[in-house]
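To start, the structure under review is shown below, and the notes come after it.
The values are calculated or read from the model by the stated rules, or taken from the named source; none is laboratory data. Quick caveat: nothing in here was measured; it's all calculated off a predicted structure. Note that we place each Cβ from the backbone using ideal geometry, even for glycine, and neighbour counts take in every protein chain shown.
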Amino acid sequence: MLIACWSVKGGSGTTVVAASLAVILARSMPGGALAVDLAGDLPAAFGVPEPTGPGVTDWASVPDAGADSLCRLEAEVRPGLRLITTGTGRLDADGADRLSTALAGDRHVVVDCGSGGDRCAVALAASAALSLLVLRPCYLALRRALAAPIRPSGVILVSEPGRSLGRHDIEDVLGVPVRADVAWDPAVARAVDAGLLAARVPRTLERALRRAA
Ligand SMILES: Nc1ncnc2c1ncn2[C@@H]1O[C@H](COP(=O)(O)OP(=O)(O)O)[C@@H](O)[C@H]1O
Ligand SMILES: [Mg+2]
């Protein structure tokens, strides 16, 4: 099952949500989970060294590269959790298409598609079993989400105190369910800053995301 996390604005919490979902699934699914990084921040979020070798975009740049060579790019983050890092290639439409085929299978795969509005990463999200838009309850972000080329299958709302937009406003405007309401929590920010997400997902995040996964 392919789960794509994406957003329409940087700083929304996409990497945090993708990393945490991957950790939760790695622990709870018999086959573990694979995290695929199209945005570049997952190694830091997991607290593992920055990669030196090729990554998923290098694989995607080679037209006849097969699923087995993609598997060889996986590295273990912790038992049950594997990661394919970004690399230095470019993801084009054909690469995104081949990637979504190569990642199809029994294992749970979480892709951080980033916030840059990369058309090919968005195309990958469109083909995922679960396409999760990570969104702050912000009018400007909501406008961008409405104008995005695809509709997500669900929204992960990262709520900040004092905002006037809520879950129902987002659902009314976008016409898709809010699958999780993640509270803004300083413990989450601290865990990210310390590179500790792979070791322990903060409780508020875990509780909110377990249902979404
Ligand atoms: N639920 C949360 N509570 C507190 N801080 C958060 C939360 N989610 C994300 N952050 C912080 O917000 C910042 C942006 O998160 P990030 O996942 O990098 O966003 P994106 O990938 O969308 O650019 C980071 O500093 C991160 O620690
Ligand atoms: Mg990110």
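At a glance:
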item: Residues satisfying the stated conditions in region 185-205, i.e. surrounded by 16 or more Cβ atoms within 10 Å (Cβ to Cβ) and within 16 Å of ligand 2 (Cβ to nearest atom); result: 188, 191, 192, 197, 198, 205
item: Qualifying residue in region 105-124 (condition: of a type in the set (S, T, N, Q), more than 15 Å from ligand 2 (Cβ to nearest atom) and either on the phi < 0 side of the Ramachandran plot or more than 18 Å from the chain's Cα centre (by Cα) (or both)); result: no
item: Residue count for region 34-45, restricted to those that are more than 8 Å from ligand 1 (Cβ to nearest atom) and touching a helix residue (DSSP H, G or I) at 6+ places or on another chain (Cβ under 8 Å); result: 6
item: Which listed residue is without any contact (Cβ under 8 Å) to a residue 24 or more places away in the chain and in contact with an Asp or Glu (Cβ under 9 Å, 6 or more places away or on another chain), from 83, 73, 124; result: 73
item: Conditions (1) closer than 16 Å to residue 173 by Cβ; (2) in contact with a Leu (Cβ under 8 Å, 6 or more places away or on another chain): number failed by residue 109; result: (1)
item: Looking only at region 4-33, and only at residues there that are surrounded by fewer than 24 Cβ atoms within 10 Å (Cβ to Cβ) and either without any contact (Cβ under 8 Å) to a residue 24 or more places away in the chain or outside any loop (DSSP other than H, G, I, E, B) (or both), the one that is nearest to ligand 1 (Cβ to nearest atom); result: 24
item: Unique residue being modelled with pLDDT of 95 or more, crowded, with 17+ Cβ neighbours inside 10 Å and under 29 Å from residue 32 (Cα atoms) when the list is 133, 124, 174; result: 133
